[in-house]
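Asks: Let me begin by handing over the structure; questions about it come next.
What follows draws every value from the coordinates through simple rules; no lab data is involved. As the structure is a prediction and not an experimental result, all values here were calculated from the model. Don't worry about glycine lacking a Cβ; one is built from the backbone with ideal geometry, like all the others, and counts go over all protein chains shown.
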Amino acid sequence: MSWLPTLIKACYFLAALLFILGLKRMSSPRTARGGIVWAGYGMLLAVLATFFLPDMHHLPLIAAAVLIGVSAAWWSGKRVAMTAMPQMVALYNGMGGGAAAAIGAVELIGYVRNLALLHPAGIPDTSPLRPESWAINALQPVADVVLLSPLELGLGVLGALIGAVSFSGSLIAFAKLQGWLDKRFVFAGQRVVNMLLLAAAVLIGIALAGGHASLALIVAFFALALLFGLMMTLPIGGADMPVVISLYNAFTGLAVAFEGFVLGNEAMIIAGMVVGAAGTLLTQLMAKAMNRSIGNVLFGSFGAAGGEAQAIEGAQKPIDGADAAVMMAYAERVVIVPGYGLAVAQAQHKVWEFAQLLIKRGVKVKFAIHPVAGRMPGHMNVLLAEAGVPYDLIADMDDINPEFPATDVALVIGANDVVNPLAKTDPASPIYGMPILDVSAAKHVIVIKRGKGTGFAGIENALFYADNTRMLYGDGQAAVGELVTELKAIDA
Amino acid sequence: MIDGFLALYIFMLAAFTGYEIIARVPVILHTPLMSGSNFVHGIVLVGAMIALGHAQTPFEITIGFIGVLLGAGNAAGGYVVTERMLEMFKPSKPDAGKGSH
């Protein structure tokens, strides 16, 4: 059966190729659906091939674990609501990090066990790793024992550290977005404590990688790494979570690549590294869209900017549903700017119904989406797609901003900070410098809003007081429902 | 066992590949793509299977088993949510964008 190892290697190669082609296809809306299916076939192929690797033991146990893990995740993934997508990605990502850490742990323990075999004198009788306790010790003669090289040990330890941090950190991110952990956990000297935790974990890691491995050190190493991931994520607020999840996604990719090197598995190295690099870039793009640096997200807190905020002149001018509907019914171009408030109110279906009525009247309708609308870049697009909005009616910030001066009505629903002109004009504002949607350049702006309060970040919005802005107060779902009714009345 | 420098080359080329794939992605696909890349590192399942397959002591077997459970969760969960999101992306007309001209 000399062809079998070659066949398995070919399967891993094909899997790596399918992952890269799949991700490439996922980068365009037209081919995206096919992309995930391709990558899925790659995964299936790689997993099946692994069962046929030489010297694999505990096959029934492996099959059982795969079956349980797949069914549980499949079941939960099918049921989760689209608004909860970000925390589900965090959860599954944490699992991947945990798996990478587990690989590192097994390899390290195996290293200590092999050391014991080569130097039995140095091992106490009480060690759980003594050869008598081995499940399959007869299969491995002492002469065949190959210790991990220093490079393999080093990368194995590094991958385990990154994976463990990603595991506990992602679970905290999940709990926060799920609403199980509302409070920010902050105390004096937190940064120092976190740095000490990391330093201790790194020092023990260096000792392990240097070959001074023992069971006690391994346990201490993982405890510290997990604790660090926990402590690092706890003080970060919910608004910054997308950046953190994306960062941990990149972390897990790196951890997988490093553990892939230890195991000599090229598919893991390539897939892990591709995700590590892609995830890092994605994290930077997100942080940039939110006007936050990654360092600021991890170690700073929101609203640290000093100085006196500019006073806003004027008053908010209300409008009723009938006038707003007439205004848009006879407009030539309408741009709808949805925010997360729209999704919370579950109003995306009503908005699409309204947009369709306008389109039927010959109005040119577009949806404008800020990069951080929703809870994660692109989340809003998913929520609109769920309501049936075709993706070619959805424009991103860079494409739509030059079109606002030629827009008759900009309808803002549940968005606040991403349309706040103070981000451009007031250096003292905490959101100063954040790129925004230029809705105030439109001829008329209608803002649907619950009441007169400030936005998510607690910042006053100059747009609401502008001369060309009218406020339509009410719950998103109800207000859009009113617009639909009024529009139908015009048509009747 | 992979030669150290060969691995370094693989690391480098794979990193560039990942970077280039993401560099041209429209914002509307960021969430599905993050989810999709989350699925791709589900390949960790393969590593966890190998680790469990070579485990000797009960301690190693337990940790390996947990690793395979978690890895399987990463792969399956990542696939299902990504597929669900991408399935919803549709153009205006059924045949738009298919280049039928």
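Asks: Before rounding to the nearest 500, sum -39500 (n - 2.57) across all DSSP H runs of length at least 4 in the protein assembly as shown and divide by the residue total; then give [θ] at 222 nm in deg cm²/dmol.
Replies: -19500 deg cm²/dmol
Asks: If you don't mind, there's one more thing I want to ask. Relative contact order for chain A using alpha-carbon pairs under 8 Å, separation at least 6, rounded to a whole percent?
Replies: 13
Asks: Same structure again: Relative to the longest principal axis of chain A, what angle (0 to 90°, nearest 10) does the C-alpha long axis of helix A:266-289 take?
Replies: Taking Cα atoms only, the helix is inclined about 30 degrees.
Asks: Just the projected area, averaged over all directions, of the convex hull on the alpha carbon atoms of the range A:360-404: how many nm²?
Replies: 3.5
Asks: Still on this model: Rounding to the nearest 20 debye, state how big the charge dipole of the protein assembly as shown is about its Cα centre with +1 on each Lys and Arg Cβ and -1 on each Asp and Glu Cβ.
Replies: For this selection, approximately 680 debye.
Asks: Give the calculated FRET efficiency between A:D320 and A:D467 to the nearest 0.05, with a Förster radius of 22 Å applied to their Cβ-Cβ distance.
Replies: 0.70
Asks: Note down the net charge around A:D475, summing +1 for each Lys or Arg and -1 for each Asp or Glu among other residues with Cβ under 13 Å from its Cβ.
Replies: +2
Asks: I'd like the mean, over residues of A:104-116, of how many other protein chain beta carbons sit within 10 Å of each residue's own Cβ.
Replies: Per-residue shielding by partner chains comes out at 4.
Asks: Below 8 Å between Cα atoms, with a sequence gap of 6+, how large is the relative contact order for the range A:344-472 in percent?
Replies: 21
Asks: Could you work out the mean count of beta carbons from other protein chains within 10 Å of each residue's beta carbon in A:373-384?
Replies: 5
Asks: For A:L14 and A:R361, what is the calculated FRET efficiency with R₀ set at 60 Å and r taken between the beta-carbons, to the nearest 0.05?
Replies: The pair A:L14/A:R361 has a calculated efficiency of 0.70.
Asks: Considering the Cα positions of the range A:1-79, please state its Rg to one decimal place and its Dmax as a whole number of Å.
Replies: Here Rg and the maximum Cα pair distance are 15.1, 45 Å.
Asks: Hey, another quick one. Based on the Kirkwood radius over alpha-carbon pairs, what is the Stokes-Einstein translational diffusion coefficient of the range A:321-491 at 20 °C with 1.002 mPa s viscosity, in µm²/s?
Replies: Translational D for this selection: 136 µm²/s.
Asks: Quick check: the angle from helix A:150-177's long axis to the longest principal axis of chain A, C-alpha only, nearest 10 degrees?
Replies: Helix A:150-177 sits at roughly 40 degrees to that axis.
Asks: How compact and how long is the range A:85-299, expressed as Rg and Dmax of its alpha-carbon atoms in Å?
Replies: Reported Rg and Dmax, both Å: 18.8, 60.
Asks: How many partner chain Cβ atoms sit within 10 Å of a residue's Cβ in peptide A:74-80, on average, as a whole number?
Replies: 5
Asks: In units of 2.2 N^0.38 Å, what is the alpha-carbon radius of gyration of the protein assembly as shown?
Replies: For the protein assembly as shown, the normalised Cα radius of gyration is 1.07.
Asks: Something else now. Hey, what's the per residue convex hull volume over the C-alpha atoms of chain B, in cubic angstrom?
Replies: 152
Asks: What's the local net charge at B:L13, with K and R +1, D and E -1, over the other residues with C-beta under 12 Å away?
Replies: Residues close to B:L13 contribute a combined charge of -2.
Asks: Sort A:402-413, A:76-87, A:55-66 by the packing proxy (mean of other Cβ within 10 Å over each peptide's residues), most packed first.
Replies: A:402-413, A:76-87, A:55-66
Asks: Right, here's the next one. So who's got an amide H within less than 5 Å of the one on A:V412, skipping anything under 5 residues away but keeping other chains? H placed 1.01 Å off N, in plane.
Replies: Amide H to amide H, under 5 Å and 5 or more residues apart or across chains, A:V412 pairs with A:V337, A:I446, A:V447, A:I448.
Asks: Taking the Cα atoms of the range A:166-261, what is the range of coordinates along each of the three principal axes, in descending order and whole Å?
Replies: Principal axes ranked by extent give 42, 33, 18 Å for the Cα atoms.
Asks: How charged is the neighbourhood of A:L155? Take every other residue with its Cβ under 13 Å from the Cβ of A:L155, and add Lys/Arg as +1 and Asp/Glu as -1.
Replies: In short, -3.
Asks: Taking only C-alpha pairs under 8 Å that are 6+ residues apart, what is the relative contact order of chain B in percent?
Replies: 29
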